[in-house]
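The values are calculated or read from the model by the stated rules, or taken from the named source; none is laboratory data. Everything numeric in this text was worked out from a predicted model, so none of it was measured. Neighbour counts run over all protein chains shown; Cβ positions are idealised from the backbone, glycine included.
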Amino acid sequence: MNRKKLVIGVLIVVVLGAVAYANLNFKRTTGIEVNVEKIALRDLEAIVSASGKIRPQRSVNVSAETMGKVVGLAVNEGDTVTAGQFLLQIDPRNLQTQVNRTGASLAAARSQLAETRTSVENARTNLKVRRTTSNASGNCSSRASRRAKPWTAPRATSDCGNRIWRSASSP
């Protein structure tokens, strides 16, 4: 009987050893990890992690009439603004350059206008001279006017033409 008890004891130890060996060598799935804390009175902080899009209640597109470098910002992100409120300042050098360029173009156009007016006035004077000479000369003027180019004053091509030119140009 002693021998029987000894064999049963050895078998129990072997079975327990086999169970321990199987437990250590075969991987088991672990459960969910949890944090355990002592109960205390405090503020509840909840952190939510989710995917998706954040959309504002109201969206406004802000754009400038001109492009340029921003040199001054009068509001901060998230500030409430009103219509017409000063928001930012754009570097005025680009606009000033454009104003100067436009002013130079205007001056050139005015100069060209003055030159064109002078040309028109000269053409009117030449027309008056030709009309005066054609009325004063009779036959000679028709011959002189045929030889002259239409945009120039009559040329003195003969004695008759010289007399006509002198009479038209003298006061």
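With the condition kept exactly as written, say whether any residue in segment 44-54 is at pLDDT below 85, among the hydroxyl-bearing types (Ser, Thr, Tyr) and within 42 Å of the chain's Cα centre (by Cα).
Among the residues of segment 44-54, at least one is at pLDDT below 85, among the hydroxyl-bearing types (Ser, Thr, Tyr) and within 42 Å of the chain's Cα centre (by Cα), which makes the answer yes.
Being within 28 Å of the chain's Cα centre (by Cα), exposed (fewer than 10 other Cβ atoms within 10 Å of the Cβ) and either at pLDDT below 85 or in a loop (DSSP other than H, G, I, E, B) (or both), is that true of even one residue in segment 85-101?
yes
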